Every structure is written in structure tokens, then in C-alpha cells.
Amino acid sequence: MPRVDYIAHDGTRTRVDVPAGENVMRGALYNGVEGIVGECGGGLSCATCHCYVDEAWADRVGGPATPAEEELLAAAATEVTPRSRLSCQIDMTDALDGLVVHLPESQY
Ligand code: FES
């Protein structure tokens, strides 16, 4: 099963198994990873699942945010960078085993 490393703002690393087909936001929520809220449940309407894809993985997660994500990210609580994504829009695959995402200081 592919694994994801969630790096909290303070540098704490939490590694969890996230099944292929599941998204990175749910992987955090189901495993008690703090720093991702996912208020809308993945409905692409909240931006509380903001994360920064590690530089090494930026191309492999499907590139930068889609236009719909970018629109929501404009309302994100923390700085938006070219590596910003909504974690509910990153679907896990076996090819993403070892994915690293960094979490913002706050989602509000
Ligand atoms: S959980 Fe709401 S946009 Fe991702």
C-alpha cells in the first residue's frame, strides 16, 4: 500500500498508509494527522485541505493546481506557492508511494 509522509509546520513527520484510489486529505483525516481539516469532505469548496507538495514530487502528482483549485486556494489561510495543492484533489496511486506533503501552519 502506498505511503504518504505528512510534514507538519513544526517539522514533525507522520507516515501513514493511504490506499490507492483514496485521496491525500482523507489519508490524513483517517489517520489522525493534524494540520489538514477537510471541512467540505473533498467537495472542492473549502480550501482547508491545503498542502505543499514536496519539490521532489511536484511533477508526479499531476502538476500544479487545476484552475478550480487555484480559485479556492486564493482563499487559503496561508501563503499559496506554486507547490500548493488541495490535498483532496490528489488521488493516491501505487506510483505515489513515498509521497511527501508539507502542511501549512493553519487552515483558518
Ligand atoms: S476538503 Fe474542501 S476543498 Fe479539499
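Quick one: would you say SER87 is polar (S, T, N, Q) and buried (at least 19 other Cβ atoms within 10 Å of the Cβ)?
yes
Please count how many residues of segment 73-96 are within 12 Å of the ligand (Cβ to nearest atom), modelled with pLDDT of 95 or more and hydrophobic (A, V, I, L, M, F, W, C).
5
So which residues in segment 60-96 are closer than 18 Å to ASP5 by Cα and among the acidic types (Asp, Glu), if there are any at all?
ASP91, ASP94
Return the only residue of VAL4, VAL37, VAL33, VAL16 being hydrophobic (A, V, I, L, M, F, W, C), in a strand (DSSP E or B), surrounded by 12 or more Cβ atoms within 10 Å (Cβ to Cβ) and under 12 Å from the mean Cα position of the chain (by Cα).
VAL4
What is the one condition in (1) modelled with pLDDT of 95 or more; (2) more than 13 Å from the ligand (Cβ to nearest atom); (3) surrounded by fewer than 16 Cβ atoms within 10 Å (Cβ to Cβ) that HIS102 does not satisfy?
It fails just one condition, (3).
Taking segment 13-43 on its own, how many of its residues are more than 17 Å from LEU96 (Cα to Cα) and hydrophobic (A, V, I, L, M, F, W, C)?
Residues meeting the conditions: 5.
Looking only at segment 28-38, decide whether some residue is at pLDDT 95 or above, among the β-branched types (Val, Ile, Thr) and touching a strand residue (DSSP E or B) at 6+ places or on another chain (Cβ under 6 Å).
Taking every residue of segment 28-38 in turn, at least one turns out to be at pLDDT 95 or above, among the β-branched types (Val, Ile, Thr) and touching a strand residue (DSSP E or B) at 6+ places or on another chain (Cβ under 6 Å).
I'd like the residue in segment 47-72 that is assigned to a loop (DSSP other than H, G, I, E, B) and within 14 Å of the ligand (Cβ to nearest atom) and, out of all such residues, is nearest to LEU96 (Cα to Cα).
Looking at the filtered set, the residue picked out is ALA65.
The values are calculated or read from the model by the stated rules, or taken from the named source; none is laboratory data. Keep in mind it's a predicted model, so treat the numbers as computed, not measured. Every residue, glycine as well, gets a Cβ built from its backbone with ideal geometry; the counts of neighbours run over all protein chains shown.
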